[in-house]
Amino acid sequence: MKSILLIVLSFLIQDVVSSQVLKATAVKMSFFSEAPFEDIYAESSQGVSAIDVDSRSVYFKVPIQSFQFEKKLMQEHFNENYLESEKYPYAEFKGNIEEPIELRLSGTYWVHVSGELTIHKVTRIYRVLGKIVVKEDTLTTSSEFQVKVADHEVKIPRLLVKNIAEIVLVKVAASYPLSTVLEGQNSASH
Amino acid sequence: MKKLVCLITFCFCFSVLSAQVELADLFADSLVNEQNPGVTSTFKSTRIINARSVETVHRNDLVFLVLHRFGDVGGDAGGSETFWGLDNSTDILIGFDYGLTDLWSIGVGRAKGAPNGVNTSQQQLLYLESKYKILTQRYDESIPVSVALFGSSVVSAMKKSEFSFSDASFGQFSDRLSFTAQLIVARKFSPGLSMQILLTYVHRSYVSAHDESDLFALGFAARAKFSKRMAFIVDYFYTFRSSASKNYFKDALDFRFYNPLSLGVEIETGGHVFNLSFTNSTAILESQFIPSTSSSWADREFRWGFSISRTFSLGKSEKDW
């Protein structure tokens with residue numbers, strides 16, 4: 001009897017801990033390339049993200065093929081020739097919030113997030129500035145940072161150096177409903 | 001009680017550890033499958049060499065096309081006297097393709113026409129064509145192939161021939177017309193390899209004696225990338241001509257039909273697709289190279305050919321996010 005109680009108790013404790021993970025879907029991500037001949041902008045709203053309120057670890061993932069361009073031919077080249085999305089279908093970020101903030105309290109926090117960003121088979125360490133806004137029902141995160149395309153072995157042919165920037169500006173915005181805490185409790189035990 | 005504390009501590013540690021790793025595991029790998037718009041770039045252009053590809057032009061894109069076939073490299077008409085065929089051009093096509101939607105494109109243009117002078121004499125060909133993509137292959141294999149329907153009408157604008165056996169001795173306007181219908185089935189097996197079959201029907205309104213007005217052909221095409229922007233391409237058509245018709249041309253006119261086989265290299269630079277090819281067919285349009293290819297690889301009657309396609313993105317597609 002005692003051991004059963006222990007097991008039940010242990011599951012309960014585990015639940016409480018892992019339930020501090022907030023999830024976001026439809027994460028918006030965009031990038032902008034400014035070059036002498038043309039500006040290129042693409043946006044995806046199919047990213048996903050998770051944030052662990054206690055350990056302050058964060059995670060982002062976006063399907064490369066979900067980026068929408070104004071010119072479909074550009075989108076085709078982006079997938080086929082530059083990011084090779086059939087071989088490397090996702091961009092991923094795993095990181096940690098450096099500041100010891102308490103994400104259960106409402107407020108606006110400017111934080112530094114450092115971690116590993118993987119794009120096109122290459123993983124690099126990034127440290128970016130992010131903004132976290134905690135309200136009663138949602139937590140939102142947003143960030144802007146620069147990615148040097150050569151860092152991720154994305155090669156630009158010499159003919160096109162005036163069409164594609166060497167450094168692109170990436171923007172991310174995610175919204176995590178706080179109700180997922182409850183959902184997390186249910187799903188974590190299964 | 002000590003045991004209890006131990007267990008709780010253990011569970012707690014375990015949870016914290018797993019929570020950090022788990023963030024990535026929260027999201028199954030099915031994201032792309034659920035939301036992807038289907039396999040793209042099965043082929044890089046609307047044509048392979050002679051064959052059409054399953055690809056249509058993106059919405060609001062205009063493609064300018066120049067296709068060229070030189071003269072025979074070897075054989076009677078080749079060799080150093082004609083600089084291995086480069087002095088001659090058997091067929092030249094200049095045309096435009098336009099994407100009405102992402103799945104439906106239309107094309108218009110003109111080809112010189114490459115009559116062999118025996119079963120066909122038609123030249124000055126104007127064409128109007130349409131291609132519609134019915135199915136798009138999916139990465140999750142729910143649809144394993146891409147399928148397109150292609151149709152084209154060709155009219156010969158040449159002066160009527162006085163030679164009554166010729167298929168250019170037009171009696172009425174409809175005699176100038178020929179049509180092609182194709183069902184194109186393609187599959188991208190890997191990022192570097194795509195294959196395709198083309199079920200082809202050609203109808204020519206007016207043909208020379210003992211020629212066949214309706215012909216079926218089975219086409220095969222493939223593309224294999226050997227670098228990020230370059231690929232080997234090949235296409236081949238088997239024409240189902242009756243042996244009665246073949247025999248007549250062979251016995252009475254000492255004239256043989258061959259199946260067109262083309263091999264080439266495709267080079268893609270953003271917005272342009274070039275190909276350099278060798279083919280035994282003199283003509284570029286289906287209504288001629290399927291029923292009337294009379295030159296043979298074995299007799300070195302193949303030629304150099306190239307095509308240039310340039311895409312212009314007109315208008316801005318509305319944002320769909």
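Inside the stretch A:12-94, counting only strands (runs of 3 or more DSSP E) that do not spill past its ends, which hold 1 or more residues that are at the interface with chain B (Cβ under 10 Å from one of its Cβ atoms), touching a residue at least 12 places away in the same chain (Cβ under 8 Å) and surrounded by fewer than 20 Cβ atoms within 10 Å (Cβ to Cβ)? Walk me through it before giving the result.
Numbers: elements: A:21-34, A:39-52, A:57-63.
The strands (runs of 3 or more DSSP E) meeting that bar are A:21-34, A:39-52.
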* Asked: Does B:I284 qualify as being at pLDDT 90 or above, away from every other protein chain (no Cβ under 11 Å) and closer than 16 Å to B:Y236 by Cβ?
  -> yes
* Determine whether the stretch B:259-271 contains at least one residue that is acidic (D, E) and farther than 21 Å from B:S178 by Cα. => yes
* Condition broken by B:G78, with the remaining ones in (1) outside any loop (DSSP other than H, G, I, E, B); (2) crowded, with 16+ Cβ neighbours inside 10 Å; (3) in contact with a Lys or Arg (Cβ under 7 Å, 6 or more places away or on another chain) satisfied -> (1)
* Structure fact -> Note on the stretch A:110-156: residues over 30 Å from B:T269 (Cβ atoms) and of a type in the set (A, V, I, L, M, F, W, C) are A:W110, A:V111, A:V113, A:I125, A:V128, A:L129, A:I132, A:V133, A:V134, A:L139, A:F145
* Asked: Out of the residues in the stretch B:287-318 that are within 14 Å of chain A (Cβ to nearest Cβ), part of a strand (DSSP E or B) and surrounded by fewer than 18 Cβ atoms within 10 Å (Cβ to Cβ), which is nearest to the chain's Cα centre (by Cα)?
  -> B:R310
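Of B:S307, B:S296, which residue is under 25 Å from B:A181 (Cβ atoms), hydroxyl-bearing (S, T, Y) and out of contact with any helix residue (DSSP H, G or I) (no Cβ under 6 Å at 6 or more places or on another chain)?
Exactly one of B:S307, B:S296 is under 25 Å from B:A181 (Cβ atoms), hydroxyl-bearing (S, T, Y) and out of contact with any helix residue (DSSP H, G or I) (no Cβ under 6 Å at 6 or more places or on another chain), namely B:S307.
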* In the stretch B:81-100, how many residues are among the hydrophobic types (A, V, I, L, M, F, W, C) and not in a strand (DSSP E or B)? -> 4
* Name every residue in the stretch B:211-221 that is surrounded by fewer than 16 Cβ atoms within 10 Å (Cβ to Cβ) and in contact with a Ser or Thr (Cβ under 9 Å, 6 or more places away or on another chain), in order of residue number. => B:S213, B:F216, B:L218
* **Some residue of the stretch B:84-93 being of a type in the set (A, V, I, L, M), within 14 Å of chain A (Cβ to nearest Cβ), in contact (Cβ under 8 Å) with a residue 12 or more places away in the chain and surrounded by fewer than 18 Cβ atoms within 10 Å (Cβ to Cβ)** => no
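The values are calculated or read from the model by the stated rules, or taken from the named source; none is laboratory data. The structure displayed is predicted, hence computed values, not measured ones. Note: ideal-geometry Cβ built from the backbone for every residue, glycine included; neighbour counts use all protein chains shown.
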